[in-house]
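**Student:** I have a structure I would like to understand better, so I am pasting it below and will then ask my questions one at a time.
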Amino acid sequence: MTVGFAESDDGSIVVAAGAPETSWASNLLADPSVEVSVAGATFAAEAELLEERDPRRGTAVRDLILRYGTPSEGLGSGPVFRLRRRGG
């Protein structure tokens, strides 16, 4: 499944769901260990849920909207995750 993403300054990747019941988001909540493939590179990562009050959540949603445009404005109404490379 293709998921929109934005890379953060710290090297992590952020992803956001447009609805709380999104299957991939539910899977990350159940098991935060994930394999990420971006631009031909694949790596192991750990998903961190960004809570409503976490300022990184707003930054992540903003970055996604800037990257993908106005069709992304519904992002953030569901879970928002930061994917950090494991072992790095």
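Throughout, read-outs are computed from the coordinates displayed, never taken from laboratory work. Remember, predicted model here, so these are calculated numbers, not experimental data.
**Student:** Pulled fully out, how much extra length does the chain show between S8 and E52, if you take 0.36 nm times their separation in residues and subtract their Cα-Cα distance?
**Tutor:** Result: 14.0 nm gained on full extension.
**Student:** Given the rule -39500 (n - 2.57) for each run of at least 4 DSSP H residues, summed and divided by the residues of the chain, what is its mean residue ellipticity at 222 nm, to the nearest 500 deg cm²/dmol?
**Tutor:** One gets -7500 deg cm²/dmol as the mean residue ellipticity at 222 nm.
**Student:** If you don't mind, another one. Note down the Stokes-Einstein diffusion coefficient of the chain in µm²/s, whole number, using a Kirkwood radius over alpha carbon pairs, 37 °C, and 0.692 mPa s.
**Tutor:** Value of D from the Cα-based Kirkwood radius: 252 µm²/s.
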